[in-house]
1. Just the accessible area per residue of the range 95-201, please: how many Å² with a 1.4 Å probe?
2. Which entries in 132/184; 148/212; 92/161 show an alpha-carbon gap greater than 27 Å?
3. Through the Karplus equation 6.51 cos²θ - 1.76 cosθ + 1.60, θ set to phi - 60°, convert the phi angles of the range 192-206 into ³J(HN,Hα) values in whole Hz; use x for Gly and Pro.
4. Rounded to the nearest percent, how much of the accessible area of the chain (1.4 Å probe, protein heavy atoms only) is carbon and sulfur?
5. Could you give me the percent of Cα pairs per 5 Å distance bin for the range 46-123, shortest bin first, beginning at zero and ending with the bin that holds the maximum distance?
6. Can you find, among 149, 202, 25, the residue sitting farthest towards the positive end of the charge dipole of the chain, where Lys and Arg contribute +1 and Asp and Glu -1 at Cβ?
7. If Lys and Arg each add +1 and Asp and Glu each add -1, what is the summed charge of the other residues whose beta carbon sits under 12 Å from the beta carbon of residue 42?
8. What residues of the range 117-145 lie in the reach of a label at residue 199, counting those whose backbone N is under 15 Å from a point 7 Å from the Cα along Cα→Cβ?
Amino acid sequence: MAKRLTRDPQKEKAILAAAVMAFGTDGFQASTDTIAKAAGVSKGSVFRYFDNKKKLYVAAVHQAMNTLISVVDFNVWTDSTDLVNMIIRATKYKTELSHKYPHEFGLLTRVYAHDINMPEQLRNEVFLTFNKWAEKTQSIIVNSVVDKLELRPGLNKETVKNYLSIMIQEISKKIQSYFEKHPKIQRIEDMTDIIAEVKSYMDMIEYGIVKK
């Protein structure tokens, strides 16, 4: 019986880092030759550690999620004094984080967008994995927010959480676009236009749009 080769944690770590970078930049079509070269290993070593490209891609997705969850500061969301403050601060923080970890964000964005260059089965597998992770992360934030609110009698708390999750995601996209267009803005005090817009959205969320 052939002796099983010992795994080198440093090599495995280097391969994963290179895979996150390559897949985050070029998607599933990224070359394993490029990944091996960036990791400083042979192509054979890549497949010795991860068997095939699909398994390497799945491992890279998990690595990207683990990296982000290890560095994210949830206090940015949970310590906010109100919803407007939370959304502005959190979106700014997320934008800054995406600039610091572009490959992780790039890879997970491709997963979320159902990268058409992936085989369908793999596309569905990694999206399901990512979606469960995203929902778990989002629930930490939304639970904290809803627990601070005095809900109208008769409202189902879980329904409110789902509603807020949807609204926060959509408003956050708009704010992120604003930050991308105004990269030099750093202080909340200098964001009066976008804050006013967010306040109008939150006013509608809190009080509705129909005259009573």
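The values are calculated or read from the model by the stated rules, or taken from the named source; none is laboratory data. Just so it is clear, the model here is predicted, and its values are computed rather than measured. Virtual Cβ from ideal backbone geometry, glycine too; neighbours counted across all protein chains shown. Accessible surface areas use protein heavy atoms only, side chains included; no ligands, DNA or RNA. Shrake-Rupley method; radii C 1.70, N 1.55, O 1.52, S 1.80 Å.
1. Accessible area per residue, the range 95-201: 65 Å².
2. Details: 132/184 34 Å; 148/212 25 Å; 92/161 22 Å.
Those over the limit are 132/184.
3. Taking θ as phi minus 60°, the curve returns 4, 5, 6, 5, 4, 5, 5, 4, 5, 5, 5, 4, 5, 5, 7 Hz for the range 192-206.
4. Working: 7150 of 13180 Å².
Within the chain, the accessible surface is 54 percent carbon and sulfur.
5. Pairs per bin, as whole percents: 3, 13, 19, 18, 16, 12, 8, 6, 3, 1, 0.
6. Ranked along the dipole, the leading option is 25.
7. +3
8. No residue qualifies, since no backbone N sits under 15 Å from the label point.
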